[in-house]
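Undergrad: Have a look at this one before I ask anything.
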Amino acid sequence: MGMERLIDARGITKRYDGFTLDAVDLTVDTGQIVGFIGQNGAGKSTTIKALLGLIGLDGGQATVLGVPVGACAPSEAAQMREQVGVVFDTVSLPPHLTVGEVGNLMACAYRTWDADMFERMLGRFRLDRAKTVKDLSRGMGMKLSLACALAHQPRLLILDEATAGLDPMARDEVLDLLRDFVAVEGSNGEPVNAIFMSSHITSDLDKIADEVLCIDEGRVVFRCAKDEICDMMGVARCRAVDFERLQNEGVSGQLAERYVRHEYGIDVLVSDRFAFTRAFPEIPCDRITIDDYMALMLKGAPMQTSINNVKGGVR
Ligand SMILES: Nc1ncnc2c1ncn2[C@@H]1O[C@H](COP(=O)(O)OP(=O)(O)OP(=O)(O)O)[C@@H](O)[C@H]1O
């Protein structure tokens, strides 16, 4: 009822020589932070550019804030862009302007510009109004870009590697800001904002994402609630003998899904680490990180058990 779909992409496809973004589906609803992960060259930036209408699509369709991307009147597109805050991994602000002048420029560009909020963020990020953009460190430049993205009061933030280059303390500060942003409620008490963010720093997503979407070679590999990964799943650290036992016993309760061999043993993805530990108390089973989950999903092989488990959030 209260929820609104701010991004709705169906089968978006983009063909480059040697790479195809292949029929990617993705949705982002109000109140959600959706993390977007994948290896270098997986197609994350291409997806984001497609959502922003910066590149044309070869197939599929997308709406952002209800507006069809690439198939609407220029005025509608402009209105939509006002409500979307975008930060890329490189600073795209005019290099010769000072931080203060950037604020003035944004005030002209956006009707919704909140100058007080911008000033507060400059203070919070310790950004000097007199410094020129080109003299900012990479991290400071990213903070300025974020301050600009937030101060025009968007409903949707689309961030492409926006926390790259920030030191751990600054990252936590930014994560707090992002949490505050999605917590904003409308007059009916329902959340009104959402975030779609790509990141290689999956520990950031561990901290704030509601869902994680992973692509590889242009295709969606999984979309999963973060709590399902971090609270329920696990990684069993098996010796060869343990692994053999799991295979031979058909993994009671259909708990084990995929495995990866290492020099020192075999990691097995487990859909319910508590049930697994009850069933196999002698096999150590750790909480799984998003990184480990991604590695097992991308590089792991399915368990060759009698009943191969597909439960556990893999869609
Ligand atoms: N304009 C373009 N012309 C041709 N190929 C392109 C173009 N833009 C991107 N590609 C190719 O598309 C693929 C996906 O690139 P993309 O930048 O979307 O990956 P990514 O997941 O964002 O990677 P990273 O994590 O390294 O930023 C790459 O193989 C890249 O070379």
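Rule-based calculations on the coordinates, nothing more; no lab input. Please read all numbers here as calculations on a predicted model, not as lab measurements. So basically every Cβ, Gly included, is an ideal-geometry build from the backbone, and we count neighbours across all protein chains shown.
Undergrad: Can you give the FRET efficiency for Ala109 and Asp291, using 1/(1 + (r/R0)^6), R0 = 51 Å, r = Cβ-Cβ distance, to the nearest 0.05?
TA: For Ala109 and Asp291, the calculated efficiency is 0.85.
Undergrad: Turning to a different aspect of this structure: Dimensions of region 121-187 along principal axes (Cα, Å, largest first)?
TA: Principal axes ranked by extent give 41, 24, 20 Å for the Cα atoms.
Undergrad: Give me the Kirkwood hydrodynamic radius of region 233-302, using the inverse of the mean 1/r over all pairs of distinct Cα atoms, in Å to one decimal.
TA: 11.7
Undergrad: Share of antiparallel DSSP beta bridges in the chain, in percent to the nearest 5?
TA: 70
Undergrad: Can you tell me the Rg and Dmax of region 48-96, counting just the alpha carbons, in angstroms?
TA: Expressed in Å, the Cα Rg and Dmax of region 48-96 come to 12.2, 40.
Undergrad: Take the Cα radius of gyration of the chain and divide it by 2.2 N^0.38 Å, with N its residue count; two decimals is plenty.
TA: Details: Rg = 21.8 Å, N = 315, 2.2 N^0.38 = 19.6 Å.
Cα-based Rg divided by the globular estimate yields 1.12.
Undergrad: Now, a different point. Less than 26 Å apart at the alpha-carbon level, and either on another chain or at least 8 residues along: which lysines does that give for Lys131?
TA: Excluding near neighbours in sequence, the set is Lys143.
Undergrad: Same structure, new question: Taking the chain as the reference, fit the longest principal axis to its C-alpha atoms, fit the long axis of helix 99-109 to the helix C-alpha atoms, and give the angle between the two in degrees, 0 to 90, nearest 10.
TA: Helix 99-109 sits roughly 80 degrees off the main axis of the chain.
Undergrad: With the cut-off at 23 Å, tell me which of the pairs Lys49/Lys299; Lys44/Lys299; Lys49/Lys134; Lys44/Lys226; Lys226/Lys299 have Cα atoms farther apart than that.
TA: Values: Lys49/Lys299 27 Å; Lys44/Lys299 19 Å; Lys49/Lys134 25 Å; Lys44/Lys226 19 Å; Lys226/Lys299 20 Å.
The pairs that break the limit, which is 23 Å between Cα atoms, are Lys49/Lys299; Lys49/Lys134.
Undergrad: Sorting check: for 163-176, 141-154, which peptide has the highest mean count of neighbouring beta carbons within 10 Å, and how do the rest follow?
TA: 141-154, 163-176
Undergrad: So, in Å, what gap is there between the alpha-carbon centers of region 19-53 and region 121-196?
TA: 20
Undergrad: Where does each of Tyr293, Tyr259, Tyr16 land when they are ranked from fewest to most other beta-carbon atoms within 10 angstrom? Don't skip to the answer; put the middle values down first.
TA: Numbers: Tyr293 28, Tyr259 21, Tyr16 12.
Least crowded to most crowded, the residues run Tyr16, Tyr259, Tyr293.
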